[in-house]
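One structure below.
The values are calculated or read from the model by the stated rules, or taken from the named source; none is laboratory data. Bear in mind that the values here come from a model prediction, so they are computed numbers and not experimental data. Every residue, glycine as well, gets a Cβ built from its backbone with ideal geometry; the counts of neighbours run over all protein chains shown. Ligands, DNA and RNA are stripped out before the accessible areas are found, and what is left, the full protein with its side chains, is counted by its heavy atoms. Shrake-Rupley method; radii C 1.70, N 1.55, O 1.52, S 1.80 Å.
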Amino acid sequence: MTASFERVNYAVRPGKSIERKMLCGAFFRLSEFASVESYRYVGFGSAYFSDFILVHRLLGITNMVSIERHEQNAKRVLFNRPFACIDVKFGESNDELPALDWGVRSIVWLDYDGTLDPSVLADVRFICMSLVPGSAFAVTVNAQPPAPAVAPNDALAQVTKRLGDKMPENISPADLSGWGTAGVYRRAIDNEIAEVLADRNAARPPQQKFIYKQLFNFNYRDGQRMLTVGGVIYESGQQGLFDKCSFFGPQGLLFVRGEADPYLIDVPMLTYRELRHQDAQLPCSDLDGIDRAGVPREDVERYSRHYRYFPMFVEAEL
Amino acid sequence: MSKPRVVHAEPTKDFFIYMLVKDIPLNRAVLDLVDNCVDGATGLRGRRPFTGLHVRMEVTPQRFRIRDNCGGIPVEVAEKYAFRFGRPPGAKALDGSVGQFGVGMKRAFFKLGKRFVVESRAERDEFTVAEDVDKWCESPEWEFGFRKLKENLPKRPQKERGTTIEVTQLHEGVSEQFGLQNFRTRLREEIEVAHETSLGRGLEIALNGHVLQDRPRSLKQSADITPAFRERRFGDVMVKLYVGISRFDPRNAGWNVYCNGRLVLEADQSRGTGWGEGPGLPRFHPQYNMFKGYAFFEADDSSSLPWNTTKTGVDADSSIFRSARQEMLIMMAPVIRFLNRLDRARTAGEDWLLSAVEDAKEADLKRISDSETFGWPDKPKPPPPDTQRISYDRPREQVNKVKKTLGLRSSREVGETTFDYFYGRECKD
């Protein structure tokens, strides 16, 4: 199998691009726990390192580890490494994650190309066992529902077989259609986190129980339907610090979701001229007052939610 | 006034004894009696060495005897607690003890035979309790009588205090087992393993005159290879975990779990200690024969420890064990990864890694504390081969036909040539 970066340039996937900036916007608020610069970032940088570039520039993090499974691309990956502070580990995430030192507060983004499977859940389990309080993580998987040509019962059987005993309870074939698959995967990931933390907490005194608070539940499509789940792990004694991060509430972030209900990153198709025209009128509390210049009201509404994170692509000769 | 009518639910003694001994193997019953001696030693010495203390066992087809100089049982303790089934509330627990459930000694008597005698010489008193189990079963009382009792004696020197237990009229199966040399050898090894901590502290344990050996626990350590050590406190339980590699030893690879120094799980290779948990934590396989992990659970109050009543395993549902197990899993994953790597190194003939393992010396656990994560020399792996092997079967007749058509001699050439033919036409850019 070719590495996915040979097929897709991550930088020009608008959904992913918006998601990346939103995640950074949330990570920024972790500063209540400790200065964000002091965190370590662990991700799958591929050869583009788009997330690493953003995290380094925006958050100032210098302790960075990228895990790259395709060792045969080592030369290219290392050539493309944008900053000297990125340590690239070659190997499978199942092997490389446990080999890292987990004594340091971390931000981990496991941005998989593939779908949810036991290997992904093993990584989720491992990081939830290992993260120190005040750490954050996100997991992205492909959540494409079964092709319509596949009989619903067969599709359910396939997913059940793949997830094995990690399959959430009471899933019917209809639950997999559309964004349903993403919902099922979120539950499987959530179950895994809950189980790990139950064991981790079993012998801990009340003030030191680990709490996982979900912040991210993104659905978006760059061709395929994608799901990102994640949040913050902290000790119950740090509830005050978590509250001060104001992920939720009046000062909260509009894309943060603490429950099963996802935040859909849906990107309107607008021309550059339209974008600039909207930008000049945003932010705005009354969208009805905006001059839409012929753009459907629904697209203006969608754009107004995403404009701060919206990618700008131009074709350029560098 | 007439007595209110009730439904009787108290156990018959026969049933009680049957249930009590049903699940305990003979060797474990004997180990329970050794545990009592070790507790006596702990009572006398606390955390200091056990030098000068001994436990002497005699195991023959006619009788079982265990004699120690580990302090004896004070009369008051015997009257109120030692012979009770289960630990009554208010019983003073011994700090760091291995006896916990208050069943071990009595269960061992019933398991072994029909007559037992307990003689104790404690600091200021001495007693003898003797009972015939069949007669005891017939009486409605739940008591054992003192045969001899002397109190308020002058203070006895420490080395003369001790307990002797003798069981005679052994059950037929027990007598038969005790006559087998192999059983006795196995028993000796089991005591050596279960009580290696006490043996290491200087307690002398002898079986039929043969003194048991201390088996030091070690892991390979060098400048290149660093075993992992973690110390964690969960409530009042202190957990010490050591993980790494040791000499190739298929019988003893896996996790060893101790509660207050007593081995309760030996060379475990099951899901309970993380094997087969999932990717990164595969099922045990011979290529992990060098894996060794030690988990020590220590608590003053032994009821906090995660062991089962027969001390043959851990209580997997205990909160302490669930939390500690996660640390164990985290610590073992890098060792497994290393052993996978070592396996590839053997195949690929990477001598530098093999000799790094060879050069690492076994180090006593006491000398291991440097790193929380297992470490090894990480040199770049040799690049994976550029070629990939394909093998398949096709009807012989067809293969021969292709051979002829292409003017080739070997089937291997047929495979290569047909592949190149297809690749040249369909895949070449």
- Tally, over the stretch B:276-308, of residues that are within 14 Å of chain A (Cβ to nearest Cβ), outside any strand (DSSP E or B) and open to solvent by less than 20 Å² (accessible area, probe 1.4 Å): 3
- Note on the structure: Counting only residues in the stretch B:244-274 that are open to solvent by less than 40 Å² (accessible area, probe 1.4 Å) and within 14 Å of chain A (Cβ to nearest Cβ), the one farthest from the chain's Cα centre (by Cα) is identified as B:Gly274
- Please find, among B:Glu160, B:Glu151, the residue that is under 30 Å from B:Arg48 (Cα atoms), touching a helix residue (DSSP H, G or I) at 6+ places or on another chain (Cβ under 7 Å) and open to solvent by 70 Å² or more (accessible area, probe 1.4 Å). B:Glu151
- Item | Which numbered condition A:Val77 misses (of (1) within 18 Å of the chain's Cα centre (by Cα); (2) open to solvent by less than 10 Å² (accessible area, probe 1.4 Å)) | (1)
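Out of A:Phe44, A:Phe28, A:Phe33, report the one residue that is more than 14 Å from chain B (Cβ to nearest Cβ), under 30 Å from B:Pro385 (Cβ atoms) and open to solvent by 10 Å² or more (accessible area, probe 1.4 Å). Show your work before the answer.
Details: A:Phe28 fails: under 30 Å from B:Pro385 (Cβ atoms); A:Phe33 fails: under 30 Å from B:Pro385 (Cβ atoms).
Just one listed residue meets the conditions, A:Phe44.
Output the residues belonging to the stretch A:122-132 that are aliphatic (A, V, I, L, M) and more than 7 Å from chain B (Cβ to nearest Cβ).
To start, the set of residues in the stretch A:122-132 that are aliphatic (A, V, I, L, M) comprises A:122, A:124, A:127, A:129, A:131-132.
Answer for the stretch A:122-132, where residues must be aliphatic (A, V, I, L, M) and more than 7 Å from chain B (Cβ to nearest Cβ): A:Val124, A:Ile127, A:Leu131, A:Val132.
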- Query: Does the stretch A:207-217 contain any residue that is aliphatic (A, V, I, L, M), away from chain B (no Cβ under 14 Å), over 26 Å from A:Phe248 (Cα atoms) and in contact with a Ser or Thr (Cβ under 8 Å, 6 or more places away or on another chain)?
  - Reply: no
- Query: Within the stretch B:344-372, which residues are closer than 19 Å to B:Phe296 by Cβ and either within 14 Å of chain A (Cβ to nearest Cβ) or open to solvent by 30 Å² or more (accessible area, probe 1.4 Å) (or both)?
  - Reply: B:Glu362, B:Asp364, B:Lys366, B:Arg367, B:Ser369, B:Asp370, B:Ser371, B:Glu372
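Report the residue count in the stretch A:98-120 for those that are part of a helix (DSSP H, G or I) and touching a strand residue (DSSP E or B) at 6+ places or on another chain (Cβ under 7 Å). Before you say what the answer is, go through the steps one by one.
Kept after step one, since they are part of a helix (DSSP H, G or I), are these residues of the stretch A:98-120: A:98-99, A:118-120.
The next check asks that each one be touching a strand residue (DSSP E or B) at 6+ places or on another chain (Cβ under 7 Å); those that pass are A:118, A:120.
So the count comes out to 2.
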- Message: Looking only at residues that are in contact with a Gly (Cβ under 7 Å, 6 or more places away or on another chain) and surrounded by fewer than 21 Cβ atoms within 10 Å (Cβ to Cβ) in the stretch A:133-146, which one is nearest to the other protein chains (Cβ to nearest Cβ)?
- Response: A:Asn142
- Filter the stretch B:14-56 for residues that are surrounded by 17 or more Cβ atoms within 10 Å (Cβ to Cβ) and charged (D, E, K, R); the one that is farthest from B:Gly209 (Cα to Cα) is B:Arg45
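What number of residues within the stretch A:177-193 satisfy the criterion of being closer than 24 Å to A:Leu253 by Cβ and open to solvent by less than 60 Å² (accessible area, probe 1.4 Å)?
First, pick out the residues of the stretch A:177-193 that are closer than 24 Å to A:Leu253 by Cβ: A:179, A:182-183, A:185-187, A:189-190, A:193.
This time we only want the ones that are open to solvent by less than 60 Å² (accessible area, probe 1.4 Å), so: A:182-183, A:185-186, A:189-190, A:193.
The qualifying residues number 7.
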- Mind checking whether some residue in the stretch A:96-119 is over 29 Å from A:Gly258 (Cα atoms), open to solvent by less than 30 Å² (accessible area, probe 1.4 Å) and among the acidic types (Asp, Glu)? yes
- Query: For the subset of the stretch B:190-216 comprising residues that are under 22 Å from B:Arg63 (Cβ atoms) and assigned to a helix (DSSP H, G or I), which member is modelled with the highest pLDDT?
  - Reply: B:Ile191
